[in-house]
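First comes the structure, then the notes that go with it.
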Protein chains: 2
Amino acid sequence: MNNTIIFGHQNPDTDSICSAIAYSTLKNKLGHQCEPIRLGLINPETQFVLDYFAVKAPRLLHHVSKEAENAILVDHNEPQQSAIDINEIRIVEVIDHHRISNFESKEPLYFRIEPVGCTATILNKLYKENQIEIDKKTAGLMVSAIISDTLLFKSPTCTKEDIDAAHELSKIAEVSLEKYGLDMLKSGANLKDKTVEEIISMDAKEFQMGTSTVEIAQVNVVDTSEILPYKDNLEQTILSEIKEKNLDLFVLIVTDILTNNSLILALGEKQKKVEQAFHITLTQNLATLKGVVSRKKQVVPPLTHVFQE
Amino acid sequence: MNNTIIFGHQNPDTDSICSAIAYSTLKNKLGHQCEPIRLGLINPETQFVLDYFAVKAPRLLHHVSKEAENAILVDHNEPQQSAIDINEIRIVEVIDHHRISNFESKEPLYFRIEPVGCTATILNKLYKENQIEIDKKTAGLMVSAIISDTLLFKSPTCTKEDIDAAHELSKIAEVSLEKYGLDMLKSGANLKDKTVEEIISMDAKEFQMGTSTVEIAQVNVVDTSEILPYKDNLEQTILSEIKEKNLDLFVLIVTDILTNNSLILALGEKQKKVEQAFHITLTQNLATLKGVVSRKKQVVPPLTHVFQE
């Protein structure tokens, strides 16, 4: 049994997978016994990254507490986004770049959240603070996580630290940010190979907002109109998801990685909250949000705000 | 109006005062506009430190939200231990070494908790990470905070990092750890100049445990029997405190800084939880806990555990 397992959130994105691997590599070089694992399927973008750098995907687990004594969370801290049995394992570290919510610990731990665009940017600092050199494959995973989370620096969550880290890492990984970055983003921005179930679950996160439970899924495309043929089918699937999980609201964000606008589809009893939060009117449950690409910075805060009023 | 104010918890101890000053100094050297403030009276130990290094006490405030745009919390993260109006100010950073509880943020922030004995030990790393030299007075404040929080390295919360930092800082501050450290601790371990109100409030913290509210105060002495002449008077004052604040339990920890044992006095409806947590029987509300000196590591976790059962 490994001493410590490291994992990102459910429905893992490229940052959750790559940061779990990159942080395990660092911890192991420092003499710890760590294994990266994942809480869900590898999405096409992440598969592109793993294939490119010839790295094996971490083991898939749903229950973690019988697998190791300790857990390290990367890229999330909210328990409802983590493993099912997260309360039954000792969390010794959290490295993240999201808001803090519902996190409780009995004892002090190493908890490092920074307001940057990507977990891998914090890991880049941790490698330096521990004076460990980053190898080529790990640098490749880390730069991919930054490209993914910042949409190649176009997201408002992107900071100077992310850009600087990505440039450093791209040199070690020997990739061109522009060329590799766009190829990687496009590999994930393709609805054709996805079922509607995948579209609404691949990058979905659940949030407590006031007394309501809100699920927000996001998918990247190269043209938001791609989603229209799926609309009826998507709505039916979302409605059964709402019923099954007892959600008050479900928001699907369809982000155009070229224009940086998003189309949102909102369903649920609290649908009106979306209109209040963004000062918009939904037409057939749809609206376009200009310049909105970041769930964390542009969708969660205004929505949380109207739920707390 | 200052852009950012920095403060430790209510009923500030030496770490809360000294870390607020030391972190403000660092932030100001990095070009920010910060002011350290305090949420309560300076205790005798901290006064000894400020006098020794000729440093002015920070300004006393109870309400913070009209004083600055942003807040940085040091040495605490639980809102009930912070300023009364903490929910009305934007928290941009937290530097702490305690458990995480009840902390919520709408947006990502810089949140750094490490399982070390003292906030100043983390600040010592932040100075290095930012490549800023620590001046003599600031080093004096920081080493004092470490001596205070670790009881001169005797607390189980003390780590190798704390000891290494204290040795580095004592050289810059030009003090002998043994001589200065014991003088400093003794200056605060004196009940004679204190009223019973001061004894139970000077270093008191409130905790949510399960559905209960628990207040835990701590005072250092050089002989636990010093407390006995105050017992009746203390109990009366604690009982009115319980009534006024609607507490379920009040625990006073009287710690002998020479033997490293503590006498505890427990009152309140949930008094039995103390007996369960420490496998002891209270006699006239009192019991001795051998080798227990740390509220954070040796008192809060077992108590939290029995309240959650």
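The values are calculated or read from the model by the stated rules, or taken from the named source; none is laboratory data. Worth saying up front: this structure is predicted, and the values here are computed from it rather than measured. Every residue, glycine as well, gets a Cβ built from its backbone with ideal geometry; the counts of neighbours run over all protein chains shown.
Couple of notes before you dig in:
- Scanning the stretch A:30-47 for residues that are under 11 Å from A:Ser16 (Cβ atoms) and part of a loop (DSSP other than H, G, I, E, B) yields A:Leu39, A:Gly40, A:Ile42, A:Asn43.
- Residue that is β-branched (Val, Ile, Thr) and under 20 Å from A:Val222 (Cβ atoms), where the choices are A:Ile134, A:Ile199, A:Ile146: A:Ile199
- Total residues in the stretch A:186-201, condition among the aliphatic types (A, V, I, L, M) and either within 13 Å of A:Tyr52 (Cβ to Cβ) or surrounded by fewer than 16 Cβ atoms within 10 Å (Cβ to Cβ) (or both): 0
- For the stretch A:175-194, a residue qualifies if it is outside any loop (DSSP other than H, G, I, E, B), more than 14 Å from A:Met142 (Cβ to Cβ) and among the hydrophobic types (A, V, I, L, M, F, W, C), and the qualifying residues are A:Leu182, A:Leu185.
- When restricted to residues that are under 29 Å from B:Thr119 (Cα atoms), buried (at least 22 other Cβ atoms within 10 Å of the Cβ) and touching a Ser or Thr at 6+ places or on another chain (Cβ under 9 Å), the stretch B:254-294 contains 6.
- Within the option set B:Lys179, B:Lys154, being without any contact (Cβ under 8 Å) to a residue 60 or more places away in the chain, surrounded by fewer than 22 Cβ atoms within 10 Å (Cβ to Cβ), among the charged types (D, E, K, R) and out of contact with any strand residue (DSSP E or B) (no Cβ under 8 Å at 6 or more places or on another chain) holds for one residue only, B:Lys179.
- Taken together, the residues in the stretch A:237-247 that are of a type outside the set (Ser, Thr, Tyr) and either crowded, with 19+ Cβ neighbours inside 10 Å or in contact with a helix residue (DSSP H, G or I) (Cβ under 8 Å, 6 or more places away or on another chain) (or both) amount to 3.
- For the stretch B:62-88, the set of residues classified as free of Cβ contacts under 8 Å to residues at least 60 places away in the same chain, surrounded by fewer than 23 Cβ atoms within 10 Å (Cβ to Cβ) and not acidic (Asp, Glu) consists of B:His62, B:His63, B:Val64, B:Ser65, B:Lys66, B:Pro79, B:Ile84, B:Ile86, B:Asn87, listed by residue number.
- Checking A:Val92, A:Val64, A:Val55 one by one, the residue that is among the β-branched types (Val, Ile, Thr), over 18 Å from the mean Cα position of the chain (by Cα) and facing chain B (nearest Cβ under 10 Å) is A:Val92 and no other.
- The listed residues are B:Leu26, B:Leu73, B:Leu50, and the only one of them that is closer than 20 Å to B:Ala120 by Cβ and either among the polar types (S, T, N, Q) or in a strand (DSSP E or B) (or both) turns out to be B:Leu73.
- Residue within the stretch B:94-108 that is modelled with pLDDT under 95 and aliphatic (A, V, I, L, M) present: yes
- The condition (being closer than 23 Å to A:Thr150 by Cβ and touching a residue at least 24 places away in the same chain (Cβ under 8 Å)) is satisfied by just one residue among A:Ile200, A:Ile242, A:Ile257: A:Ile257.
- Among (1) modelled with pLDDT of 95 or more; (2) farther than 19 Å from B:Phe48 by Cα; (3) of a type in the set (Val, Ile, Thr) - the single one B:Val175 does not satisfy: (2)
- Within the stretch A:116-174, the residues that satisfy the criterion of being of a type in the set (Val, Ile, Thr), within 13 Å of chain B (Cβ to nearest Cβ) and either in contact with a His (Cβ under 6 Å, 6 or more places away or on another chain) or not in a helix (DSSP H, G or I) (or both) are A:Val116, A:Thr119, A:Thr157, A:Thr159.
- Contact annotation: residue pairs with Cβ atoms under 6 Å, 6 or more positions apart or on different chains, pairing a residue in the stretch A:132-150 that is small (Gly, Ala, Ser) with a partner that is assigned to a loop (DSSP other than H, G, I, E, B), are A:Gly140/A:Phe53; A:Ala145/A:Cys118.
- Scanning the stretch A:95-112 for residues that are assigned to a strand (DSSP E or B) and either under 15 Å from the mean Cα position of the chain (by Cα) or more than 10 Å from every other protein chain (Cβ to nearest Cβ) (or both) yields A:Ile95, A:Asp96.
- Helices (runs of 4 or more DSSP H) fully within the stretch B:231-309 counting 1 or more residues that are within 14 Å of chain A (Cβ to nearest Cβ): B:271-278, B:300-308
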